[in-house]
Amino acid sequence: MNLKYDGNEIEVADDRVLTLIGSINTSSARAIINGMKRMAAQNSPLALVINSSGGDTEQVLAIADAQRMWRLKLVTIGMGTVYSAALFLLQIGDIRLATRNAELMLHRGTLDSKERDPDDHEAFLRICRERDRKFLRLLSARSHQSKGKIAQDWLSDCYYTPRQAFNYGLIDGIIQLQKRRPMILTLSARSKPSKRSTRS
């Protein structure tokens with residue numbers, strides 16, 4: 001497929017498209033990382049299509065590390081639902097896109113620590129706080145929103161249309177199919193970023 005972005009045409013070969021449909025977990029992360037490793041030898045863009053309601057944030061960091069390790073030029077494309085950890089995963093793309101019918105949701109996520117003893121619980125919380133700081137830095141750097149604003153916004157579920165996500169800075173453009181050239185994907189007209197957010 002061909003993408004037109006900021007006046008430049010970027011070609012992503014059909015065999016260089018990875019898909020994530022469903023939860024982000026060890027199995028799906030393994031498939032993505034193995035795909036990245038397999039494609040790393042070629043110096044051409046790679047696309048990751050994301051349709052997920054979220055999952056394990058530590059697996060998002062593992063995928064991000066794999067992208068950096070193999071120095072991949074990555075286009076992330078959100079379609080369907082892009083919630084929670086899936087929205088974090090979308091942010092690792094060099095170019096972040098969403099389809100016109102995508103739904104995006106930002107929140108901090110939940111901690112699963114019910115089965116831990118007190119000592120393990122405290123250690124787990126320290127790790128989670130450090131993970132929060134990593135995602136705050138990532139979101140702030142990519143969206144140009146302040147870390148304070150994002151930390152406030154993600155305390156509750158914030159839902160975005162693609163246009164609202166674009167204005168917040170969570171994506172770089174919205175994909176629309178051209179009728180005359182169905183294999184060409186173009187971005188909708190860009191607008192000045194806004195700091196407004198939408199809550200559910």
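The values are calculated or read from the model by the stated rules, or taken from the named source; none is laboratory data. Everything numeric in this text was worked out from a predicted model, so none of it was measured. No Cβ is skipped: glycine too gets one built from the backbone with ideal geometry, and neighbour counts run over all protein chains shown.
Output the qualifying pairs, or none if there are none: Cβ atoms under 6 angstrom, residues six or more apart or on different chains, first residue in the range 138-153 and more than 16 Å from Thr57 (Cβ to Cβ), second residue among the basic types (Lys, Arg) and assigned to a helix (DSSP H, G or I).
From the range 138-153, the pairs are Ser140/Lys147.
Only one residue in Asp56, Asp94 is surrounded by fewer than 17 Cβ atoms within 10 Å (Cβ to Cβ) and among the acidic types (Asp, Glu). Which one?
Of the residues listed, the single one that is surrounded by fewer than 17 Cβ atoms within 10 Å (Cβ to Cβ) and among the acidic types (Asp, Glu) is Asp94.
Consider Ala86 carefully, then state whether it is assigned to a strand (DSSP E or B) and in contact (Cβ under 8 Å) with a residue 60 or more places away in the chain. Break it down into steps so the answer makes sense when it comes.
Numbers: assigned to a strand (DSSP E or B): no; in contact (Cβ under 8 Å) with a residue 60 or more places away in the chain: yes.
Against the criterion (assigned to a strand (DSSP E or B) and in contact (Cβ under 8 Å) with a residue 60 or more places away in the chain), Ala86 does not qualify.
Go through Leu89, Leu3 for me and flag whichever is farther than 22 Å from Trp154 by Cα and not hydroxyl-bearing (Ser, Thr, Tyr).
Leu3
Could you grab me the full set of residues in the range 1-51 that are free of Cβ contacts under 8 Å to residues at least 60 places away in the same chain, surrounded by 12 or more Cβ atoms within 10 Å (Cβ to Cβ) and part of a strand (DSSP E or B)?
Answer for the range 1-51, where residues must be free of Cβ contacts under 8 Å to residues at least 60 places away in the same chain, surrounded by 12 or more Cβ atoms within 10 Å (Cβ to Cβ) and part of a strand (DSSP E or B): Val17, Leu18, Thr19, Leu46, Ala47, Leu48, Val49, Ile50, Asn51.
Can you confirm whether the range 121-132 contains a residue that is within 21 Å of Gly93 (Cα to Cα) and of a type in the set (Val, Ile, Thr)?
no
Matching residues to (1) within 12 Å of the chain's Cα centre (by Cα); (2) modelled with pLDDT under 95:
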| position | (1), (2) |
| --- | --- |
| Glu11 | no, yes |
| Asp15 | no, yes |
| Ser28 | no, no |
| Ala31 | no, no |
| Ser53 | yes, no |
| Ser84 | yes, no |
| Leu89 | yes, no |
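What are the pairs, 6+ residues apart or on separate chains, where a residue within the range 90-110 that is under 14 Å from Gly55 (Cβ atoms) has its Cβ under 7 Å from a residue that is of a type in the set (S, T, N, Q)?
Leu90/Thr76; Met105/Ser84; His107/Ser84; His107/Ser156; Gly109/Thr57; Gly109/Ser84
Look at the range 125-151 and say how many of its residues are surrounded by 15 or more Cβ atoms within 10 Å (Cβ to Cβ) and not in a helix (DSSP H, G or I).
1
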